[in-house]
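Shown next, in structure tokens, is the structure this report addresses.
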Amino acid sequence: MPQVIPDTSRLLEGLNEAALIARGRRVIASNSAAKALLGDGIDGDGLEQVISHPAAIEALDRIGSADMEEVELAGLGGSRRHWLMRSAPLADGTYLIRFVDRSEVAAAEQMRVDFVANASHELRTPLSTLIGYTETLREQGDEIDGDTRERFLSVVHDEARRMQRIVEDLISLSRIEAEKFTAPTEAVNLAPLIEQALGGAQRIADERGSTLVREVDPELPPIAADRGQILQLLDNLITNALRYGEPGTPVTVAAHAEGSMVHLAVADQGEGIAPEHVKRVTERFYRVDTSRSRSLGGTGLGLSIVKHIVERHRGRLVIDSELERGTTVHVLLPVS
């Protein structure tokens with residue numbers, strides 16, 4: 001096997017990405033990151049065997065005609081992994097190959113694509129209903145009796161309000177994300193905000209026959225917070241608990257000091273969330289039960305907004321749920 005001078009081996013280990021040196025079609029040296037990605041015994045092996053990616057081999061064939069070659073590789077080292085392979089000629093017919101991990105960038109781009117697709121779908125559904133009912137009213141208005149006309153107008157109104165809620169939540173989420181690098185510093189008393197949020201949710205609680213239970217420590221210290229965003233967080237959590245809890249069962253809002261944090265918990269007694277869904281319910285537009293969520297008036301953005309508010313406040317969000325027993329959302333926020 002061709003040998004490489006020790007200084008070159010040390011240079012390879014000094015790189016923070018997977019890297020190897022090849023001559024012809026064979027690996028002559030590699031660092032530990034490359035061995036972790038491609039296999040321990042790659043030194044001396046052929047490139048086709050080591051990299052095993054057609055686009056990579058094709059790019060390496062062109063290396064003599066360019067100072068540097070770059071190619072995006074998907075699936076190397078795992079189906080969800082993405083790499084930028086950079087190769088450049090060295091002396092004596094050798095060349096350096098580096099693998100820059102682009103998995104996070106690719107995942108972020110996929111999230112953006114999914115978000116645009118989901119937002120478009122969520123807006124298209126009520127928009128189609130609006131168009132259908134308004135066209136019927138316009139074209140057959142004289143033939144429709146008063147009760148039917150009122151029912152159509154009620155559907156149009158409800159769908160327009162649904163679109164309005166989605167747009168408002170999207171604007172809110174965008175605003176929170178834009179502010180995420182600025183941690184709030186205002187000292188805010190949480191107890192009055194809890195009372196305000198519970199008061200705002202009383203109508204929904206009455207409609208579902210549910211009791212709103214307060215368990216708030218009277219000595220609760222103030223938190224470092226954005227008052228409006230914390231109220232929005234409370235509104236979303238309490239409304240969600242009422243929507244997905246069983247009618248007639250209580251929703252409990254508790255808060256107490258826990259070291260340097262204030263621990264807020266909102267609990268319902270509903271169907272609960274299966275373990276495979278718990279880790280995804282904070283994704284934009286993710287729904288465990290799509291039809292039920294829409295029928296209850298959810299936009300699919302409530303918990304995503306909660307997550308981003310918690311992150312902006314440098315807090316922690318934990319969701320505990322058990323099927324047939326209910327869900328508790330825990331939010332820990334730093335004391336002012």
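Values quoted throughout were computed directly from the atomic coordinates according to the rules given, and no laboratory measurement underlies them. Since we're looking at a predicted model, the values are computed, not measured. Cβ sites come from the backbone with ideal geometry, for glycine too, and all protein chains shown count toward neighbours.
Here is the list for segment 198-254: GluC sites (Glu not before Pro) lying in DSSP coil, each with at most 11 other C-beta atoms within 10 angstrom of its C-beta, are GLU219. With both labels modelled 7 Å from their Cα along Cα-to-Cβ, the PHE181 to ASP142 distance reads 6.3 nm. Length, then width, then depth: along the principal axes, the Cα atoms of segment 6-101 run 35, 29, 22 Å. Taking springs between alpha-carbon atoms closer than 10 angstrom, which of GLY132, GLY14, GLY259 fluctuates most in the Gaussian network model of the chain? Taking springs between Cα atoms under 10 Å, the residue moving most is GLY14. Between GLU271 and GLU246, the built amide H atoms are under 5 Å apart, and every one of these is 5 or more places off in sequence or on another chain.
Per-residue Karplus couplings for segment 187-197, computed as 6.51 cos²θ - 1.76 cosθ + 1.60 with θ equal to phi - 60°, are listed in order as 7, 10, 7, 6, 4, x, 5, 4, 4, 5, 5 Hz, Gly and Pro entered as x.
Sorting SER172, SER260, SER103, SER87 from the fewest to the most surrounding beta carbons within 10 angstrom yields SER260, SER103, SER172, SER87.
Fewest-first ordering of HIS277, HIS82, HIS157, HIS53 by other beta carbons within 10 Å of each residue's beta carbon gives HIS157, HIS277, HIS53, HIS82. For the chain, dividing the convex hull volume of the Cα atoms by the residue count gives 211 Å³ per residue.
Fewest neighbouring Cβ atoms within 10 Å first, the residues SER154, SER304 line up as SER154, SER304.
Between SER30 and ILE21, the built amide H atoms are under 5 Å apart, and every one of these is 5 or more places off in sequence or on another chain.
Under 5 Å from the amide H of VAL262 lie the amide H atoms of LEU333, VAL335, each residue being 5 or more positions distant or on a separate chain, with H modelled from the backbone and absent for Pro and chain starts.
With distances taken between every two different alpha-carbon atoms, segment 73-211 has a Kirkwood hydrodynamic radius of 21.5 Å. So what's Rg/Rh here for segment 177-336, counting alpha carbon atoms and using the Kirkwood radius for Rh? That ratio is 0.95, to two decimals. Straight-line reach from LYS35: taking Cα to Cα under 16 Å and skipping same-chain neighbours fewer than 8 places apart, the aspartates and glutamates in range are GLU13, GLU17, ASP43, ASP45, GLU48, ASP101. The helix-only estimate of mean residue ellipticity at 222 nm for the chain, built from DSSP H runs of length n ≥ 4 each weighted as -39500 (n - 2.57), is -15500 deg cm²/dmol after division by the residue total.
One compactness figure for segment 103-178 is 1.55, namely its Cα radius of gyration divided by 2.2 N^0.38 Å.
3J(HN,Hα) couplings calculated from phi for segment 121-135 with the Karplus curve 6.51 cos²θ - 1.76 cosθ + 1.60 (θ = phi - 60°) are, in sequence order, 5, 5, 7, 5, 4, x, 5, 4, 5, 4, 4, x, 6, 5, 5 Hz; Gly and Pro show x.
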